[in-house]
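Have a look at the structure below, then the notes.
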Amino acid sequence: MLQTPNRRAGRGPTSGLLTSPSLTANYWTSASRPTSPGIPDNASEASSVMPISQQNASTAKKKEKYNHLSYWKARKVTFYKNGDPYFLGIEFRFRPGRDVVSLENLLDKLSIRMDLPRGARFIFNMDGAQIINLEDLEDGGSYVVSSFKSFKNTSYGKKASGSWYTTGAGVVTASQSWNKQSLNRKQSMGDSLEVPVAATSLAPSNTKSNAGRCRVLLNLRTSQPFEEVVEDLGQVLKINGAKRMYTVSGQEVRSFSQLRNEFSDVDTFYLGVGSLNSPFKRSRSRGAVVVDPTGAVRSDRQRRARSKSRPRTLYAAETEIVKTNTNADYTLLEVLKEEPIRITIKGIRKTFYPPIHHPLQDSSPPEKRIILNWVHGYRGFDSRRNLWVLPTGELMYYVSAVAVLYDRDEEAQRHYIGHTEDIQCMDLHPSRDMVASGQRAGRSRKTQAHIRIWSTESLLTLYVFGMAEFEAGVSAVAFSQLNGGSYVLAVDDGRERILSVWQWQWGHLLGKVATLQQDEMTGAAFHPLDDNLMITHGKGHLTFWTRRKDGFFERTDIIKPPSRTIVTSLQFEQDGDVVTADSDGFITIYSVDSDGAYFVRMEFEAHNKSISSLIMLSEGTLLSGGEKDRKIIAWDSLQNYKKITETKLNDNFGGVRTIYPQRPGRNDGNIYVGTIKNNVLEGSLQRRFNQVIFGHIKQLYGLAVHPDDELFATAGHDKVVALWRRQKLLWSNQLLYECVSLCFHPFGVALAVGSTEGYVVILNAENGAIVTTVRVCGSPLNCVGYNPAGDMIAVGSQNGSIYIFRVSRDGFTCKKLNKIRGTQPLVQLDWSCDNNFVQTSTGDYDLAFWDIKNGLQEKSHIAMKDVKWSTYNSTVGYLVAGIWNNRYYPMTSLITTVNRSAAHDLLVVGDTDGYLRLFRYPCINPKAEYNEEKLYGGIISCARFLYNDRNVVTVGGTDASLMLWDVVDE
């Protein structure tokens, strides 16, 4: 019978509750290995022991099968989203065994092209049967792709999606009487137009090879722009990239009003991807521009009213001079030499105009790539048991999706980067040469929650298991002790908090049971003397689980609801007694009687408030760390837990998160302490603690690089500004305001910090001393920037206005010069090379230009397209348009940071999913290729090149991590 003190409500004996695990096939049976064309995916391993006659017959049958040309022919298959009747479908062409080697490979490709909640994981035919093998996909067939193992029967691809084209019943059809005389379209109804359209290939010789014809009824009340309607017409006629509509005489149609008025008597129109060469005439509404074969340009004086579908400047005569802000005049023919780029961001169409002169675009991947050099920071604010010491003396911990092995003696780091999302838990193997780490679940198929076993010596991945088994992530992982670490337990972070046991060498799932714990689960562990006994703990939860031989689990609740006590840490005595710590500051020791029932042997108050960490040393000393009181206390477990000594950490370091001895097995008293303020300390209870690792807490947004040195500064919501030289922290200073933006003076003498309260703080860059504090406004200052001359500073605010300050020669004092009002929140900021203009990007991904000399907002984007920018940090623009709607990655996330290299040849890009990509600059084509790394589990707030382009610095993530990258040759 379990005996508990009266202090704890909700603790008591419970009967054994049996729950049955769902025994599933192991992970390795479905491993995605490329199969040769001669071996199907479902081939049994037993085929190697078949009789020779059967093997010969089977081989002959396979050879006969693959001798057919129909097998090697490319298959055209259409895929639809499960449960989405309005999805138009994706047409996919592939050759089995060549383009796509296995069904797993096909699912990976579909995950990139289709926006599914957890990626493409299952394929069904139209009858709901699951497709198991790649060979089951038939040429010309239609299939349904799903993230879950459930088929939803609906009318796939048959529902209209509000299209602009209709013919009677609403479908575009080919006319059988194309050559017959059609009615005058002036006689048609006022809301629609019947337009005969033909596809043509526009060659330099102006010959037209008709690829297809159809008669289309256009709805004039459509909300789509005319350019999008032309593109959709091109899709109907199977023309990729149709952008222009022409009459038979070569006149270009640019609006619905022209179709209805000027070209009402025209019966046939042509679509094309380019312009008609040879002598051509523009429509009469464009000033009747005529180009002679000799190349001379002439324009009539009579001009009709312009169309409202384009800006006024575009429809000036070609001889008219277009004024720009670059002290250069261009004719309209030069302005229109390149087409504007139109991209869709957050459902809104954006248009960006090309400069007259810009570097040639190169869509190939850059010859450089980025590799991780150093990780600053430590994740202590929201994790537990995240600090270990290896036999080599290296300190091991995790930050974002990186496991860091830090050698203090050599001042070097090694990194395990096999994870694709934030690491949530880790455990060290009893042999101390392997590690098990679990990650949280992402949004795609490649970022599913799983567990990895990897070597601390080679940093190679040894085993991966648990794919598609964990719902939200792995909240706890632990090795068994008695059998040499052959078993691994894991706790799912999903709704049912499923506890599972794995034989990790084979990837076998030995059993699992739903804990049904509704609140936070803080940890789990194997009992050191019984590999079939597991203990889980959390909020109002302390449960012993016994796994029986038949795979079932017996459950014994020690603490259960309605108790609100949080069991925060768990340790074991040498004889197997269980020691727990809780959020009330109590330490409790549980023993087992002769009947196998657990009872409370001892309980005492150790700290005033929550205890966050327990560690049992080899000589029997128990160390406890307080999260609120910042105390570390030593207890003698051999003398009924008598207090030995205690110490208290400095308030700047924060409370204790975890404790680990510096030299495990030695009784020298030296320990490492991880704190809730993301610091790691070293010391002992007899001497003071020194800071080993410094990290920011909360959100980290501010990042600035020195103009001519390998220095960079960071600032975040923790009100701390820090200056770094590569791997070393030079200084840090605590401010009074939360910081969101940061920039260096062009001479490197001052550091300007923008805060959420609307203050700009000027610091001395040499020592971090505060020099000046200026009140700007009451809104957050999202971006600040000095001009190239260093005599002005621009401040962009959340209220949409930009503030200009005059800066003194030493860079430490500033005086307000002007305020230019705006409407949208400003996010990034760039100065022009001539110090006259500022370019900003807004929260809605619009470009805004500001004339600093005249104190006005420049409304004309065409007039600003040739301005040269000293830096390029804006996430939108013509020269960076290729990072949006890129064909090689799905735009399910948004671009958050962009930075151009000092040599103007590279572009580093970060997004909300934690991907860091390196492009060539300029990046104009949506087919631009890149080199990619993903080590952040959340948003990358800012990325910057150092002054020499040899390194990239990034900040962000959910744990305010700071990473330094090397830019090396590919």
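The values are calculated or read from the model by the stated rules, or taken from the named source; none is laboratory data. Remember, predicted model here, so these are calculated numbers, not experimental data. Cβ atoms come from the backbone with ideal geometry, glycine included; neighbour counts cover every protein chain shown.
Could you grab me the full set of residues in segment 600-609 that are without any contact (Cβ under 8 Å) to a residue 60 or more places away in the chain and surrounded by fewer than 19 Cβ atoms within 10 Å (Cβ to Cβ)?
The answer is Arg601, Met602, Phe604, Glu605, Asn608, Lys609.
Hey, Cys923 hits all of (1) in contact with a helix residue (DSSP H, G or I) (Cβ under 8 Å, 6 or more places away or on another chain); (2) of a type in the set (A, V, I, L, M, F, W, C); (3) in a strand (DSSP E or B) but one; which does it fall short on?
All conditions pass for Cys923, except number (3).
What pairs come out if I take residues in segment 575-590 that are farther than 16 Å from Met534 by Cα and pair them with residues that are aromatic (Phe, Trp, Tyr) whose C-beta lies under 8 Å away, six or more apart or interchain?
Taking only residues 6 or more apart or on different chains, the pairs are Phe586/Phe604; Ile587/Phe604; Ile587/Trp635; Ile587/Tyr641; Ile589/Tyr641.
Report, by residue number, each residue of segment 546-570 that is of a type outside the set (D, E, K, R), farther than 18 Å from Lys628 by Cα and surrounded by 22 or more Cβ atoms within 10 Å (Cβ to Cβ).
Phe553, Ile558, Ile559
Taking only segment 794-806 into account, find how many residues are β-branched (Val, Ile, Thr) and under 32 Å from the mean Cα position of the chain (by Cα).
2
Here's a check for you: in segment 559-588, which residue that is within 14 Å of Phe544 (Cα to Cα) and either among the β-branched types (Val, Ile, Thr) or in a loop (DSSP other than H, G, I, E, B) (or both) is nearest to the chain's Cα centre (by Cα)?
Here the answer is Val567.
From Thr840, Thr892, Thr875, Thr871, grab the single residue that is assigned by TED's automatic domain parsing to the domain that holds Gly910 and out of contact with any Asp or Glu (no Cβ under 9 Å at 6 or more places or on another chain).
Thr875
May I ask you to list pairs of residues, at least six apart or on different chains, whose Cβ atoms are under 7 Å apart, with the first in segment 666-687 being closer than 18 Å to Asp959 by Cβ and the second being among the basic types (Lys, Arg)?
Gly674/Arg657; Thr675/Arg657; Ile676/Arg657; Asn678/Arg379
How many residues are part of a loop (DSSP other than H, G, I, E, B), of a type in the set (Ser, Thr, Tyr) and within 31 Å of the chain's Cα centre (by Cα) if we restrict to segment 807-857?
Number satisfying all stated conditions: 2.
Tell me the residue from Asp709, Asp651, Asp718 that is of a type outside the set (A, V, I, L, M, F, W, C) and within 23 Å of Gly937 (Cα to Cα), please.
Of Asp709, Asp651, Asp718, the one residue that is of a type outside the set (A, V, I, L, M, F, W, C) and within 23 Å of Gly937 (Cα to Cα) is Asp718.
Yes or no: Ser383 modelled with pLDDT under 95, within 23 Å of Asp913 (Cβ to Cβ) and polar (S, T, N, Q)?
Against the criterion (modelled with pLDDT under 95, within 23 Å of Asp913 (Cβ to Cβ) and polar (S, T, N, Q)), Ser383 qualifies.
Are there any pairs with C-beta distances below 6 angstrom linking a residue in segment 856-868 that is closer than 19 Å to Ala794 by Cα and in contact (Cβ under 8 Å) with a residue 40 or more places away in the chain to a residue that is part of a loop (DSSP other than H, G, I, E, B) and of a type in the set (A, V, I, L, M, F, W, C), with the two at least 6 apart or on different chains, and if so which?
Glu858/Met864; Lys868/Cys833
Pull up segment 887-904, narrow it to residues that are without any contact (Cβ under 8 Å) to a residue 60 or more places away in the chain, more than 15 Å from the chain's Cα centre (by Cα) and part of a loop (DSSP other than H, G, I, E, B), then point me to the one that is surrounded by the fewest Cβ atoms within 10 Å (Cβ to Cβ).
Going through the qualifying residues, I end up with Ala903.
Please return the ranges of strands (runs of 3 or more DSSP E) entirely within segment 625-741 where 1 or more residues are assigned by TED's automatic domain parsing to the domain that holds Ile940 and surrounded by fewer than 19 Cβ atoms within 10 Å (Cβ to Cβ).
Of the strands (runs of 3 or more DSSP E) lying wholly inside segment 625-741, those with at least 1 residues that are assigned by TED's automatic domain parsing to the domain that holds Ile940 and surrounded by fewer than 19 Cβ atoms within 10 Å (Cβ to Cβ) span 720-725, 728-734.
So for segment 755-766 (the condition being buried (at least 20 other Cβ atoms within 10 Å of the Cβ), at negative phi, in a strand (DSSP E or B) and within 29 Å of the chain's Cα centre (by Cα)), does at least one residue qualify?
Looking through segment 755-766, at least one residue is buried (at least 20 other Cβ atoms within 10 Å of the Cβ), at negative phi, in a strand (DSSP E or B) and within 29 Å of the chain's Cα centre (by Cα).
Which is surrounded by 19 or more Cβ atoms within 10 Å (Cβ to Cβ) and over 17 Å from Gln828 (Cβ atoms), of Ala750, Ala794, Ala789, Ala769?
Just one listed residue meets the conditions, Ala750.
Can you pull out the residues in segment 593-621 that are more than 30 Å from Lys677 (Cα to Cα) and either at pLDDT 90 or above or basic (Lys, Arg) (or both)?
Correct list: Phe599, Val600, Arg601, Met602.
Per-residue answers, yes or no, for (1) under 25 Å from Leu962 (Cα atoms); (2) among the hydroxyl-bearing types (Ser, Thr, Tyr); (3) in contact with a Pro (Cβ under 7 Å, 6 or more places away or on another chain):
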| site | (1), (2), (3) |
| --- | --- |
| Glu710 | yes, no, no |
| Arg726 | yes, no, no |
| Gln734 | yes, no, no |
| Cys743 | yes, no, no |
| Cys777 | no, no, no |
| Gly790 | no, no, yes |
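Could you run through segment 484-536 and say how many residues are surrounded by fewer than 22 Cβ atoms within 10 Å (Cβ to Cβ), under 23 Å from Val578 (Cα atoms) and charged (D, E, K, R)?
Number satisfying all stated conditions: 4.
Wholly within segment 418-522, which strands (runs of 3 or more DSSP E) include no fewer than the required count, namely at least 3 residues that are at pLDDT below 95, closer than 29 Å to Asn105 by Cα and outside the structural domain of Thr543 (by TED's automatic domain parsing)?
none
Please go through segment 97-111 and give me each residue that is surrounded by fewer than 20 Cβ atoms within 10 Å (Cβ to Cβ) and among the small types (Gly, Ala, Ser), ordered by number.
Those that are surrounded by fewer than 20 Cβ atoms within 10 Å (Cβ to Cβ) and among the small types (Gly, Ala, Ser): Gly97, Ser102.
Residues Thr536, Thr580, Thr546, Thr556: which one is within 30 Å of Lys643 (Cβ to Cβ) and in the same structural domain as Met521 (by TED's automatic domain parsing)?
Going through Thr536, Thr580, Thr546, Thr556 in turn, the sole match is Thr536.
Looking at segment 225-256 only, could you name the residues that are among the polar types (S, T, N, Q), surrounded by 16 or more Cβ atoms within 10 Å (Cβ to Cβ) and either closer than 22 Å to Pro340 by Cα or outside the structural domain of Cys214 (by TED's automatic domain parsing) (or both)?
Gln251, Ser255
Which of the residues that make up segment 404-417 are among the aliphatic types (A, V, I, L, M) and assigned to a loop (DSSP other than H, G, I, E, B)?
Hit for segment 404-417 is Ile417, nothing else.
Taking the residues in segment 504-552 that are among the aromatic types (Phe, Trp, Tyr) and in contact with a Leu (Cβ under 7 Å, 6 or more places away or on another chain) as candidates, determine which candidate is nearest to Phe465 (Cα to Cα).
Only one residue tops the list, namely Phe526.
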